[in-house]
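The values are calculated or read from the model by the stated rules, or taken from the named source; none is laboratory data. If you're wondering where the values come from, they're calculated on a predicted model, not measured in any experiment. As a convention, Cβ positions derive from the backbone with ideal geometry for all residues, glycine included, and neighbour counts pool all protein chains shown.
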Amino acid sequence: MIKNIIFDFGGVLLTWNPKIILRNFTNNEKDIELLINNIYKSKEWQDLDNGTITRKEATNILQEKLPEKLKNTCKNIIYHFQEYQILNDDICEIVMKLKENGYNIYALSNTHVSVYEDMKKRYIDKYFDGYIISALEHFMKPNKEIYIKLFEKCKINPEECFFIDDRKENIVAGQKLGMKGHVLNREKYGTKKLLEDFKKYKIKI
């Protein structure tokens, strides 16, 4: 019996589209491509996800890879990008309905501390019973240790968990530990396939 529903952030609760986010910092499309390649695709960005580097340290390193005109933009992105990640209303509605129906709601996300801090300020926070964030745990999905942290910290059984993520490898890792799961593709299916899986596993919504 499923008692706990676990949500990923980017691609599930939050829209993750670097180009759209970066258009809040510059209108120059060539600069946007340069920023994507040098920030979002960098080792330092992954280190921020893993909690092994500070924003100040990441900024100093990444600024050196960019032309002078983009150094301040780089800093603004690293410190403020999370403010431009949009909550997905359809998923938030599902979170609220699940909570009303008595399910425990958790987040399990590979993300920076700043995204977690920002999520704690949003209205949807009151529906969550706990968060497991890679930057705080120093483990990232699909590493099994972060799932074990989820089970131990939240005191939940994997067999009673249903996990929603936008990456197949993260769902597969959870399934190997006993969780049920769904790979969400909002762009292609919206929430249709997710709701079908809820019905399959007798999750009331």
| Wholly within the range 15-93, helices (runs of 4 or more DSSP H) carrying at least 1 residues that are over 24 Å from Phe139 (Cα atoms) | 18-22, 29-35, 55-63, 71-80
| request: Could you check, for the range 142-165, whether at least one of its residues is surrounded by 13 or more Cβ atoms within 10 Å (Cβ to Cβ), among the aliphatic types (A, V, I, L, M) and within 19 Å of Lys199 (Cα to Cα)? | output: yes
| request: From the list Gly102, Gly51, pick out the single residue that is surrounded by fewer than 17 Cβ atoms within 10 Å (Cβ to Cβ), small (Gly, Ala, Ser) and at pLDDT 95 or above. | output: Gly102
| request: Filter the range 96-129 down to the residues that are closer than 27 Å to Ala58 by Cβ and in a strand (DSSP E or B), then identify the one that is nearest to the chain's Cα centre (by Cα). | output: Ser109
| note | Exactly one of Ile32, Ile53, Ile2 is more than 22 Å from Asp118 (Cα to Cα), among the aliphatic types (A, V, I, L, M) and in contact with an Asp or Glu (Cβ under 7 Å, 6 or more places away or on another chain), and that residue is Ile2
| Boolean, Lys121 is assigned by TED's automatic domain parsing to the domain that holds Ile148, over 16 Å from Asp8 (Cα atoms) and surrounded by fewer than 20 Cβ atoms within 10 Å (Cβ to Cβ) | yes
